[in-house]
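To start, the structure under review is shown below, and the notes come after it.
All of the numbers you see were taken from the coordinates with simple rules; none came from a lab. Predicted model only: the values in this text are computed from it and were never measured. Cβ sites come from the backbone with ideal geometry, for glycine too, and all protein chains shown count toward neighbours.
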Ligand SMILES: Nc1ncnc2c1ncn2[C@@H]1O[C@H](COP(=O)(O)OP(=O)(O)OP(=O)(O)O)[C@@H](O)[C@H]1O
Ligand SMILES: [Mg+2]
């Protein structure tokens, strides 16, 4: 019987697992309890009747098997997940069935009934208590599960938020494990470096994605971050998938677990390549602007110096040559005066170099074959290298011509070769002069010192390469500054002049040097097309001295009295009569008054009231065949073409000696004859 009860409880357990049981546990519990209680009563009545030979309905309520009803109450209390109220309801049902059975059989009185009722009531109370305890436990579990689910949900949300912050951040975020391998790689990192996350996770950041030159810095900063010292704003070059390098501003922070142990590093970086490029371009522009301003102001300064200094030199050189003419051949002072003359010429050379640096020197352009020019100059170059250095030439044949001033290019070669030989000093060494044609790209051009008008394209390259002492970076930054020299004897105008000449020729210049190994200077001159046919214009042959100037009248126009005095003196020495004027207007006036008798006019280019070229033009309107020589402190023959076409007889460059003056007048005389 008890087995039957246990089976019934088992069946109840199974039913509880079915969909019906899950949906209606209370109905199941009530029905099960009531049914079991009823069955118990019926079985008890039946058993009672059978044992004692009495009618079944009279003795059931007294059967000891009625105890099974207790199990029914306790069983459902334990098995059915319901509240104590339902447990009490089920117990009351079972007790009710018992009482009903007892009343029906007329046994609802006496101690057995009372005892059993008490037993059932106690079982009911116990069932209610059990249900209450179980329910409390269920609630607790429910709350625990609830809290756990909420915590999970929140963790999931947080993870989602974190992901979206990492993914939408405008920064490259790379998370590394403690050994430096990548564990996370955000979308911005994918965009900037071009690698998908799947391809990089697990790979070593340093060796795979950091450019060699930046590895040490990045490694140091990761190390610092791991040691708990966050870093920021260091620059590193990272490798993109397409092989390009991106410049990144990086920072590192360590990641720690709950125990405070470092479990990795977060590298946060910004792609600053474009900004950096723009910054570099801006700096280059500023540098060029600064350079242009420097040249501009130096040009003004040099122009001023040239003017005043040359006028002084006219006086010095003129007086020296006059004095020389008056000294007898064996006079002991002759040598001193010759030295004065020599020093004055060197002084004028200095101003010319300054003018060349400022881009104001002559550019008497001709089609020049650079190879031929080097070959012509080789003797001079050889003499300039007074030490043990060996000169070698590596000249590419059939070079295209360049439009250049051969004198200035010669000067450039000399300056470079002298620098090279001085860098080699007394040691053994080689100086190589090389020529070639190069297609100068925009990038290469940007890395050179070049004229503002220089453009990419075919250039003739002249290279002077030495195996001398080389130049360190700090010195290299200053070598083109005028008067910068590391030499005791140097003046520091050599490279400044070279640069000025190159700029004047719309060319470019690149200097590379390794301290201790040597220096290479490359000069790029824009190619003028087909190989040069014409040679540099030969200097006009000097006319025989003293030809046709005796008894001539010369009008001399200059605002500097010293210049006028000495020049007049020199002209008189040459046998000329001299008329003088102190400014342009006066010059024209004097010419107008004496136009018939004046054979030649020597006029300074820079004059107050009316400039030299205007004086020339006015004089030509008075007398179209007037012979005018223009005196100038600058090598400013830019206007020479136009003036020569207009009939200018010649130029006289200040300072000049009696011989130079004689030569200029001689040419005028020749033309006139
Ligand atoms: N080929 C070279 N090797 C090593 N250093 C050089 C070389 N060329 C130039 N320099 C350095 O650059 C400086 C400037 O050169 P630059 O030719 O302008 O002046 P300088 O040679 O000192 O004097 P100057 O040429 O006026 O007599 C030199 O003093 C020297 O330190
Ligand atoms: Mg030099």
Order of 663, 654 under a 10 Å beta carbon neighbour criterion, fewest first: 663, 654
Separation of alpha-carbon centers, the stretch 76-113 and the stretch 126-140, rounded to whole Å: 20
Length added when fully stretched, residue 162-residue 115, from 0.36 nm per residue minus Cα-Cα: 10.0 nm
Compactness index (Cα Rg / 2.2 N^0.38 Å), the stretch 103-160: 2.29
DSSP beta bridges in the stretch 169-271 [antiparallel fraction, %, rounded to 5]: 100
Sites residue 614 and residue 517 - FRET efficiency at Förster radius 41 Å, r taken between beta-carbons, to 0.05: 0.10
Cα pair distances of the stretch 553-672 binned at 5 Å [whole percent]: 2, 12, 26, 28, 22, 9, 1
Length-normalised contact order of the stretch 170-317 in % [C-alpha pairs under 8 Å, at least 6 apart]: 21
Full-extension gain in nm, residue 22 to residue 483, via 0.36 nm per residue minus C-alpha separation: 155.7 nm
Ranking of 248, 73 by count of other Cβ atoms within 10 Å, fewest first: 248, 73
Relative contact order (percent, whole number), the stretch 277-357, Cα cutoff 8 Å, 6+ residue spacing: 38
Label-point gap, in nm, between residue 300 and residue 426 - each point 7 angstrom along Cα→Cβ: 4.8
Separation in nanometres of the label points that stand 7 Å from Cα toward Cβ, at residue 595 and residue 261: 11.0
Helix 273-326 axis, angle to the chain major axis (alpha carbon atoms, nearest 10°): 10
Cα gyration tensor, the stretch 116-219 - rounded (a/c under 1.5), prolate or oblate: prolate
Theoretical gain in end-to-end length, residue 285 to residue 388 [0.36 nm per residue, Cα-Cα removed]: 32.8 nm
Alpha-carbon centroids, the stretch 568-595 and the stretch 411-488: separation in whole Å: 48
Kirkwood Rh in Å, taken over the chain so that all alpha-carbon pairs contribute: 36.0
Spin-label model distance (nm) - residue 343 vs residue 274, 7 Å beyond Cα toward Cβ: 6.4
Percent of beta bridges antiparallel (DSSP, the stretch 370-526, rounded to nearest 5): 80
Separation of alpha-carbon centers, the stretch 179-257 and the stretch 362-408, rounded to whole Å: 53
Theoretical ellipticity at 222 nm over the chain - DSSP helices of four or more residues, -39500 (n - 2.57) apiece, nearest 500: -18000 deg cm²/dmol
The chain: relative contact order in percent, alpha carbon pairs under 8 Å with at least 6 residues between: 8
Sequence of 622, 174 once ranked by neighbouring C-beta atoms within 10 Å, starting from the fewest: 622, 174
Pairwise FRET efficiency - residue 143 versus residue 35, Cβ, R0 = 30 Å, nearest 0.05: 0.30
Helix 406-424 axis, angle to the chain major axis (alpha carbon atoms, nearest 10°): 60
The chain: antiparallel DSSP beta bridges as a percent of all, rounded to 5: 70
With Cα atoms, 0 to 90° folded angle of helix 658-672 axis to the chain main axis: 80
